[in-house]
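I have placed the structure first, in the form of structure tokens, so that the comments after it can refer back to it.
Values quoted throughout were computed directly from the atomic coordinates according to the rules given, and no laboratory measurement underlies them. No experiment lies behind these values; they were computed from the predicted model shown. Here the Cβ positions follow ideal geometry from the backbone for every residue, glycine too, while neighbour counts run over all protein chains shown.
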Amino acid sequence: MGRLVILSGPSCVGKGPLYAALKKFYPNIAGRLSRFVLYDSRAPRPGEVDGIDYHFRRRNEIEALREQPHFRVFAVRNDLQAMDTRNLKRRLAASDVFFEGNPFIGSGLIEFVRAHDIASLSVFLSPLTGEEIIELKGRVPSVCLPEFITDVMRRKLLRRTKRQKGILSQKDLENIEIRAESAYGEMQQAWQFDHVIACHDGEDSENWDAFYHPIGDARRAIQVFAALLEGHRPDGVETWGQDLIG
């Protein structure tokens with residue numbers, strides 16, 4: 001039985017670029033991972049491919065999957081996503097499997113592997129360090145952490161979407177707000193993961209690919225992630241307690 005590797009974090013925190021960098025700069029490590037693809041009710045973003053990024057289906061088709069016992073369906077920021085547990089078990093019987101996505105599914109997968117005694121490595125990618133969160137909570141006057149995190153992610157999402165589409169529609173702005181407001185609740189789930197990697201370079205940052213080699217936090221995040229996959233615990237990785245984000 002293989003190992004399930006789970007990489008989760010809020011929308012636009014940098015999960016996609018991190019996986020792309022792993023494939024480019026650590027191909028031997030990435031090559032051992034078979035990617036687990038979910039079903040999703042949303043429309044593809046620019047550059048996304050059906051069957052590779054997600055199995056894009058209509059909402060009513062994903063709703064119907066609830067009737068099949070080997071599917072689990074999750075509500076994710078006004079969308080529906082589903083995972084095929086039978087397919088996951090079959091894939092794990094052959095190799096290590098990699099999931100990259102939101103913490104709603106990530107937490108569900110953590111429950112799944114614990115219930116079925118499956119080896120796993122779970123990593124949460126955070127836009128803030130634990131030290132930053134502690135400092136923000138201790139400031140006088142106090143900082144409203146949910147509003148702060150929402151603002152951080154809103155800016156990242158705005159920059160990413162502008163890079164993808166140029167001019168933003170009202171629907172784009174509404175989607176950005178839903179994702180930004182969801183980030184705080186998603187970060188409250190980070191304590192369930194084995195490790196937390198803090199990375200200020202989200203998907204909006206050019207530090208992942210503009211200079212042919214990652215720099216800044218992007219560089220550090222990919223090095224830390226690769227080391228974890230190799231069984232090491234490098235400097236810079238964090239473990240969060242349940243009370244860090246109240």
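Taking the number of Cβ atoms within 10 Å of each Cβ as an exposure proxy, the fewest-first ranking of W191, W208 is W191, W208.
Between D235 and R59, what is 0.36 nm times their sequence separation minus the Cα-Cα distance? Round to one decimal in nm.
Extra length available between D235 and R59 comes to 59.1 nm.
Computed from point charges on the beta carbon alone (+1 for Lys and Arg, -1 for Asp and Glu), the dipole magnitude for the chain about its Cα centre is near 680 Debye. Answer rounded, prolate or oblate for the range 100-246, using the Cα gyration tensor with square roots of eigenvalues a ≥ b ≥ c: rounded when a/c is under 1.5, else prolate when a/b is larger than b/c, else oblate. Judged from the Cα gyration tensor, the range 100-246 comes out rounded (a/c under 1.5).
For Q164 and M1 in one chain, what is 0.36 nm times their gap in residues minus the Cα-Cα distance, to one decimal in nm? Walk me through the numbers on the way to the answer.
Details: separation 163, 0.36 × 163 = 58.68 nm, distance 3.91 nm.
Using 0.36 nm per residue and subtracting the Cα-Cα distance, I get 54.8 nm.
Among S120, S142, S34, S11, the order by Cβ neighbours within 10 angstrom, fewest to most, reads S142, S34, S120, S11. Net charge dipole, the range 50-171: roughly 560 debye, given to the nearest 20, about the Cα centre with Cβ charges of +1 for Lys and Arg and -1 for Asp and Glu.
Pairs of Cα atoms nearer than 8 Å and 6+ residues apart set the relative contact order; for the chain it is 28 percent.
Fewest Cβ neighbours within 10 Å first, please rank L88, L7 accordingly. Don't skip to the end; give the middle numbers.
On the way: L88 21, L7 24.
Sorted ascending by nearby Cβ count, the order is L88, L7.
Taking amide H as placed 1.01 Å from N in the peptide plane, L33 has no amide H partner under 5 Å among residues 5 or more places away or on another chain. Once C-alpha pairs closer than 8 Å and six or more residues apart are averaged by separation and normalised to the residue number of the range 178-246, the relative contact order reads 40 percent. Pair-distance distribution P(r) for the chain, from all Cα-Cα distances in 10 Å bins starting at 0: 7, 31, 38, 21, 3, 0 percent. Here the dipole of the range 123-246 is about 420 debye; that uses its Cα centre as origin and unit charges on the Cβ of Lys and Arg (positive) and Asp and Glu (negative).
Can you tell me how much longer the chain between E147 and E111 gets when fully stretched, taken as 0.36 nm per residue apart minus their C-alpha distance, in nm with one decimal?
Details: separation 36, 0.36 × 36 = 12.96 nm, distance 2.91 nm.
Taking E147 through E111 to full extension adds about 10.1 nm, to one decimal.
Once backbone amide H atoms are built at 1.01 Å from N, S126 has I197, A198, C199 as its partners under 5 Å, excluding neighbours fewer than 5 places away on the same chain. Distant-in-sequence amide contacts of V76, defined by a placed amide H-H separation under 5 Å and a gap of 5 or more residues or a different chain, comprise Q81.
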